[in-house]
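Report on one structure; see the data block that follows.
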Amino acid sequence: MTAMSRFLLLKLVGPMQAWGDHTLETCRPVRPFPTRSGLVGLLGACLGIDGQQRAELCALDASFRLAVRADQDPHRPYGASIITDSHPVSPVRRADGQLSPYPLVTRREYLCDASFTAALAFLPDGRFRHEEVVAAVNYPRHTPYLGRRSCPLGRPLLEGEVMAESLAAALAQVPPHTGVIYSEDPE
């Protein structure tokens, strides 16, 4: 019999989400699911950790295991619609190091109408604890967003806390109970 563990469940729902992939010059593609680094940034905002506080973000990253489930229809491409926004950026540094007087047009992709559930298991030797993160998710110190600042939450993050034998078993306790699970962490 496997030991039961406590899991934190988050719902990631909003009109737009932008979980970044590798940037290709002027194109900023979107991943079809929330990335670990994106979730560390989201939780960091809740905890009041600034993006420049690398040591704190690394400690947060090392504090939990994670699995994410796509909750929307898997028959749609990426499970959600993708839109592209053209965005002018200025000033732009040229290859010679000088600032260009001309703006550069970038393309940024966003997921629309996507819904995900994330299960987190906090490690006993992690710097950040389950209770601390639950409190921060309920009362965030900075505004959390779904990948980019232009992607607000469509509902509160906290879905609940459950006891389960694994990340997948924790996700199975929350509607829609099934879906594609993306996980970077071993059970």
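The values are calculated or read from the model by the stated rules, or taken from the named source; none is laboratory data. Fair warning: this is a prediction, and the values are worked out from it, not measured in the lab. Heads up, the Cβs are rebuilt from the backbone with ideal geometry, glycines too, and the neighbour counts pull from every protein chain shown. These area figures cover heavy atoms from the full protein model, side chains too; ligands, DNA and RNA do not enter into them. Shrake-Rupley method; radii C 1.70, N 1.55, O 1.52, S 1.80 Å.
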- Item | Cross-chain or 6+ apart pairs with Cβ under 9 Å, the range 43-65 first and at positive phi, then modelled with pLDDT of 95 or more and surrounded by fewer than 16 Cβ atoms within 10 Å (Cβ to Cβ) | G48/R141; G48/H142
- Query: Quick one: would you say S115 is in a strand (DSSP E or B), open to solvent by less than 70 Å² (accessible area, probe 1.4 Å) and either touching a residue at least 24 places away in the same chain (Cβ under 8 Å) or among the small types (G, A, S) (or both)?
  - Reply: yes
- Task: Any chance you could count how many residues in the range 63-99 are open to solvent by less than 60 Å² (accessible area, probe 1.4 Å), farther than 19 Å from Y182 by Cβ and modelled with pLDDT under 85?
- Result: 2
- the range 161-174 residues that are free of Cβ contacts under 8 Å to residues at least 12 places away in the same chain and within 16 Å of K11 (Cβ to Cβ), paired with ones that are of a type outside the set (A, V, I, L, M) and open to solvent by 40 Å² or more (accessible area, probe 1.4 Å) (beta carbon under 9 Å, 6 or more apart): A172/T178
- Would the range 128-142 turn up any residue that is at positive phi, open to solvent by less than 50 Å² (accessible area, probe 1.4 Å) and either part of a strand (DSSP E or B) or in contact (Cβ under 8 Å) with a residue 24 or more places away in the chain (or both)? no
